[in-house]
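Below is one structure, written out as structure tokens; comments come after it.
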Amino acid sequence: MHSRLLPAVLLLGLTARTGAAQTPTVLQLRWELVGDSVATDFAASRAAFTLTNRGANPLPPSGWAIYFSALHSAQPGSVGGGFVIEDVIADLHRVVPVAGGGFAGLAPGASVRIPYLTDLLLNRSFVPKGPYVVFDSAKDVGVPVTDYVAARFERRVATPENQFTLDSLTRVIPVNELPPVFPTPVTVTPGTGSLRLTAMPPVDAPEALKSEAAFAAEYLRPYFASTRAGSAPALRLEIGVVEGQTSPEAYSLVVDPVQGIRIVGVSPAGAFYGLQSLRSLLPAPTSRAGLVVPAIQVVDAPRFGYRGFMLDVARNFHSKAQVLRTLDLLARYKLNVFHMHLTDDEGWRVEIAGLPELTTVGARRGHTLDSKRFLQPAFGSGPLVDRPWGSGFYSHADYVEIVRYAAARHIEVIPEIEMPGHARAAVKAMEARADRQYSLSDPDDKSVYASVQGYPDNVMNSALESTYRFIERVVTDLAAMHREAGAPLRHIHMGGDEVPGGVWVGSPAVQAYMQAHGLTNIDDLWFAFYGRVEQILKAQGLAPSGWEEIAVRKTQRDGRRTTIPNPDFAARGWRAFVWNNVPGWGAEDLAYRLANGGYDVVLSPVTNLYFDLAWNPNPAETGLDWGGYVDLRKPFDFIPLDYYRNTRLDRRGNPLDPAVFAGKDRLTDYGRAHILGVQGNLWSETIGGDGLLEYMLVPKLFGVAERGWAPDPDWATERDAARAESLYRDAWSRFVNVIGQRELPRLDREIPGLNYRIPVPGLKVEGETVRCSLELPGFTLRYTTDGSEPTVRSATVRGAIPMRGTVRVAAFSATGRKGQTARLTTP
């Protein structure tokens, strides 16, 4: 590992108030990772800030602090330079000079280094972000430190040599030998000849498929000089029976050289998916000269009825335009659920009639001392209010448009309103109201707790009638917006995760409620709370659902705390979204136990389908690592109904002892019927408006699309280990070739500027040369040996590269976009 300080790029002007005078002070801030060490029994990182006074006046020795966001704080007693780093709330911290600590202020041109010890910093997501200065004379004013640079750092992990070894599983397959449709259909039968269209075919469809007909005409139009329908055979869309298929989303697609194209869907959704498969068969448009489509017959239906993607728009906000763009991507690959995580501690993101404080307070972040007008900065959003990604919400019209846009693409929008925990934005918003009609907190509550993320005040009070008035008001308005969009709300997600210990115990309102209802255990309030929530939802005709915690009951086994399925909510139709399957944590079989116990379960395992986890340990990657790493292989490798079988590594990438699954429940036939499907989740702590949403989503999305739609691959059911490994290699090669050679170039055409992750080359020294590999065939590799970064004008890799100096290699897309550079240096 090594690091370097980067040159200054900006200057910051701020005002330090000293008495009546105002003295301009220009500050520069640098951060670097110094190295790693071992403190007590855990690995840690040594980091340092360097503060420089670039102004003409001195910086005083006290009376100011620098605030910043970081996922890890400083270890107590580890800060040097005469400073301390204090935790403010959650991921917000501040550097403060210590009285008598030795810091005497900064003369013009002088610098001070502030070293500290922190938890292990693995990638750029853990670097301090959004620094700003606050002076004691104006404690409610935060001024951004715009001249801030965090030095890049490297580690010899996820090396080019390691990548080369991983890529050895892949063989390049000619495009004409690849499966023609993705995700993998039930059956594909190639025909003889091709359908040649020289004029725009008329689209023949019943009124029920009017929307699908318009969609077909839209994507066929670029192939023809005239948009008027010619004498070509019609593209026929029908609703009817698909032989051998019972799914309402089934379809058949026939391309005949004489009869033309016929798509039969069991429902409009089936017809829509048939059109998406037809779209996959089409070449890139060329000068509007017509179209040649190979003769083919496809019969297809999804494995699971639930194929979902969750986007967290609460931690960091994502615009309506980005959401609509994401919906197009989901529809392209036949996903049918968009789960919107609309609320959390750091933001409330949807307008609710009659509750304006939810957006005037709960949807805005900036420097504040009390969260009465807006919330504190988080995840680097900085001190200024109403800036993108920290602040923002969907208006009533925005939300209706999103739901309507999704419905036109046969995607169900499931809103999530987090409760009773993860609710700080709502709690603070309702505290800002002039009345307590919808209050979520007991002003006399003396409970002391801290959530996993570090909030001491983020849980709704379950004993207040005003809490249930609030929930009813929110749910009623959401249901009304869905009706307005023409897509009635069917399911709503009510959160339920990570309620910390210690909540409610100091609330007089809770004590009175427990006494009145004969409750003796604070944990019983959980069930009382969700019993009331269920009544509110069912009055609206809504099916309740939540994270896995809503489906379990806490108990003791051999003196240790554990959880068991709670039979009450299963019998009442609750749906559980199960994420916790980390090997070694004890809940490896939780999803299967809940399904066996009668819960309808959506599988969203952290180890395979949490797209916010970093691709690998490379510090240049983005994302968290608490549940391991999720690259393209993780969703591809996931076997939904027998995930133990293909789980071979722990969350740190080390070989996993199979004994960790000994005694764990497996799915019963009854339980299999309760697995609704799969869902990829993308939490937003580490992504804002810098294109990282798409970087984290694609190409991982292809894995969840394949596992949600297609049956188990042959390698997942083969019992002979050697045969299974051979089948796996073949399937993996087909998968990555389809993605790299066909799907990503197609997305470059269909969704301009899509910032998907371009693979990083693998490199291996062989004698006096360097060999290159790439996980996804289809990109152009370019290299340099003179120390410069590869560009679109650099030499193309056409074989082994002579090993001299430093070899740098990067992959480029067909549009000329560059991925990360791999580097090898002559020893």
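The values are calculated or read from the model by the stated rules, or taken from the named source; none is laboratory data. Just so we're clear, the structure is a prediction, and the values are computed from it rather than from any experiment. Please note: Cβ atoms are built from the backbone with ideal geometry, for glycine as well, and neighbour counts cover all protein chains shown. Surface accessibility is based on the protein's heavy atoms, side chains included, excluding ligands, DNA and RNA. Shrake-Rupley method; radii C 1.70, N 1.55, O 1.52, S 1.80 Å.
For the range 574-597, give me each residue that is part of a loop (DSSP other than H, G, I, E, B), open to solvent by less than 40 Å² (accessible area, probe 1.4 Å) and more than 22 Å from Trp626 (Cβ to Cβ).
Result: Trp574, single match.
State whether the residues of the range 217-239 include one that is surrounded by fewer than 19 Cβ atoms within 10 Å (Cβ to Cβ), touching a Ser or Thr at 6+ places or on another chain (Cβ under 8 Å) and closer than 30 Å to Glu621 by Cα.
no
Residues being charged (D, E, K, R) and either over 24 Å from the mean Cα position of the chain (by Cα) or over 23 Å from Asp600 (Cα atoms) (or both): count how many of those fall in the range 287-334.
Going through the range 287-334 one residue at a time, the tally reaches 7.
From the list Leu781, Leu727, Leu747, pick out the single residue that is modelled with pLDDT of 95 or more and within 24 Å of the chain's Cα centre (by Cα).
Matching residue, one of Leu781, Leu727, Leu747: Leu747.
Does Pro294 satisfy the criteria of being open to solvent by 10 Å² or more (accessible area, probe 1.4 Å), in a strand (DSSP E or B) and either touching a helix residue (DSSP H, G or I) at 6+ places or on another chain (Cβ under 7 Å) or at pLDDT 95 or above (or both)?
yes
Taking the range 150-193 only, how many residues are part of a helix (DSSP H, G or I) and free of Cβ contacts under 8 Å to residues at least 12 places away in the same chain?
The number of residues fulfilling the criteria is 2.
Counting just the residues of the range 553-568 that are among the β-branched types (Val, Ile, Thr) and more than 13 Å from Leu594 (Cβ to Cβ), which one comes out most open to solvent (accessible area, probe 1.4 Å)?
Only one residue fits best here, namely Thr555.
Would the range 53-74 turn up any residue that is part of a strand (DSSP E or B), among the β-branched types (Val, Ile, Thr) and more than 33 Å from the chain's Cα centre (by Cα)?
no
Among (1) part of a loop (DSSP other than H, G, I, E, B); (2) over 41 Å from the mean Cα position of the chain (by Cα), there is one condition Val242 misses while meeting the rest; what is its number?
Just one mismatch for Val242, condition (2).
Return the residue satisfying two criteria in turn: it lies in the range 94-111 and is in a strand (DSSP E or B) and open to solvent by 20 Å² or more (accessible area, probe 1.4 Å), and of such residues it is nearest to Ile687 (Cα to Cα).
The qualifying residue nearest to Ile687 (Cα to Cα) is Arg94.
Pairs please, first residue from the range 794-809 and touching a residue at least 12 places away in the same chain (Cβ under 8 Å), second anywhere and of a type in the set (Asp, Glu), Cβ atoms under 6 Å, 6+ apart in sequence or on different chains.
Every condition considered, the pairs that remain are Met803/Glu768.
Spot the failing condition for Ile687; the list is (1) among the aliphatic types (A, V, I, L, M); (2) outside any loop (DSSP other than H, G, I, E, B); (3) within 25 Å of Phe126 (Cβ to Cβ), and only one is missed.
(2)
Against the conditions (1) touching a Pro at 6+ places or on another chain (Cβ under 9 Å); (2) closer than 21 Å to Gln28 by Cα; (3) at pLDDT 95 or above; (4) open to solvent by less than 30 Å² (accessible area, probe 1.4 Å), where does Gly55 fall short? Just the number, please.
Condition not satisfied by Gly55: (3).
Kindly evaluate Ile550 against the criterion of being crowded, with 21+ Cβ neighbours inside 10 Å and part of a strand (DSSP E or B).
For Ile550, the condition - crowded, with 21+ Cβ neighbours inside 10 Å and part of a strand (DSSP E or B) - is not met.
So which of Val203, Val186 ends up being crowded, with 17+ Cβ neighbours inside 10 Å and over 30 Å from Arg707 (Cβ atoms)?
Result of the check over Val203, Val186: Val203.
May I ask you to list the residues in the range 382-394 that are open to solvent by 30 Å² or more (accessible area, probe 1.4 Å) and either modelled with pLDDT of 95 or more or of a type in the set (S, T, N, Q) (or both)?
Leu384, Val385, Phe393
Please work out which one of (1) within 30 Å of Ala199 (Cβ to Cβ); (2) open to solvent by 20 Å² or more (accessible area, probe 1.4 Å); (3) at pLDDT 95 or above; (4) touching a Pro at 6+ places or on another chain (Cβ under 9 Å) is the condition Asp300 fails and give its number.
Unmet for Asp300, out of (1) within 30 Å of Ala199 (Cβ to Cβ); (2) open to solvent by 20 Å² or more (accessible area, probe 1.4 Å); (3) at pLDDT 95 or above; (4) touching a Pro at 6+ places or on another chain (Cβ under 9 Å): (2).
Going through the range 61-73 one residue at a time, which ones are under 14 Å from Ala47 (Cβ atoms) and open to solvent by 20 Å² or more (accessible area, probe 1.4 Å)?
Within the range 61-73, Leu71, His72, Ser73 meet the criteria.
Scan the range 714-721 and give yes if some residue there is in a helix (DSSP H, G or I) and either under 17 Å from Leu632 (Cβ atoms) or open to solvent by less than 10 Å² (accessible area, probe 1.4 Å) (or both), otherwise no.
Yes: one or more hits.
Take Gly260 and tell me if it is modelled with pLDDT of 95 or more, closer than 21 Å to Lys334 by Cα, surrounded by 15 or more Cβ atoms within 10 Å (Cβ to Cβ) and not β-branched (Val, Ile, Thr).
For Gly260, the condition - modelled with pLDDT of 95 or more, closer than 21 Å to Lys334 by Cα, surrounded by 15 or more Cβ atoms within 10 Å (Cβ to Cβ) and not β-branched (Val, Ile, Thr) - is not met.
Go through the residues of the range 594-604 one by one and say whether even a single one is more than 19 Å from Thr668 (Cα to Cα), in contact with a Lys or Arg (Cβ under 6 Å, 6 or more places away or on another chain) and not acidic (Asp, Glu).
Within the range 594-604, none of the residues are more than 19 Å from Thr668 (Cα to Cα), in contact with a Lys or Arg (Cβ under 6 Å, 6 or more places away or on another chain) and not acidic (Asp, Glu).
Determine whether Ser371 is closer than 30 Å to Tyr148 by Cα, open to solvent by less than 60 Å² (accessible area, probe 1.4 Å) and out of contact with any Ser or Thr (no Cβ under 9 Å at 6 or more places or on another chain).
Spelling it out, Ser371 is indeed closer than 30 Å to Tyr148 by Cα, open to solvent by less than 60 Å² (accessible area, probe 1.4 Å) and out of contact with any Ser or Thr (no Cβ under 9 Å at 6 or more places or on another chain).
How many of the residues making up the range 196-248 are touching a strand residue (DSSP E or B) at 6+ places or on another chain (Cβ under 6 Å) and of a type in the set (Phe, Trp, Tyr)?
Residues meeting the conditions: 2.
If you go through the range 464-517, how many residues are closer than 23 Å to Arg553 by Cα, small (Gly, Ala, Ser) and crowded, with 19+ Cβ neighbours inside 10 Å?
Going through the range 464-517 one residue at a time, the tally reaches 3.
Output yes when any residue across the range 399-418 is in contact (Cβ under 8 Å) with a residue 40 or more places away in the chain, part of a loop (DSSP other than H, G, I, E, B), within 22 Å of Leu525 (Cβ to Cβ) and in contact with a helix residue (DSSP H, G or I) (Cβ under 9 Å, 6 or more places away or on another chain), and no when none is.
The answer is yes; a qualifying residue exists.
Rundown of residues vs (1) of a type in the set (Phe, Trp, Tyr); (2) farther than 22 Å from Val602 by Cβ; (3) crowded, with 18+ Cβ neighbours inside 10 Å, yes/no style:
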residue: Ile639; (1), (2), (3): no, no, no
residue: Arg648; (1), (2), (3): no, yes, no
residue: Ala662; (1), (2), (3): no, yes, no
residue: Gly671; (1), (2), (3): no, no, yes
residue: Gln679; (1), (2), (3): no, no, yes
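Restricting the range 399-425 to residues that are under 15 Å from Leu375 (Cβ atoms) and touching a Phe, Trp or Tyr at 6+ places or on another chain (Cβ under 6 Å), which is surrounded by the fewest Cβ atoms within 10 Å (Cβ to Cβ)?
The selected residue is Ala425.
Could you check the range 317-354 and list, in sequence order, the residues that are closer than 20 Å to Pro377 by Cβ and open to solvent by 10 Å² or more (accessible area, probe 1.4 Å)?
Phe317, Ser319
For Thr520, which of the numbered conditions (1) loosely packed, with under 14 Cβ neighbours inside 10 Å; (2) within 25 Å of Asn596 (Cβ to Cβ); (3) of a type outside the set (D, E, K, R) fails to hold?
(2)
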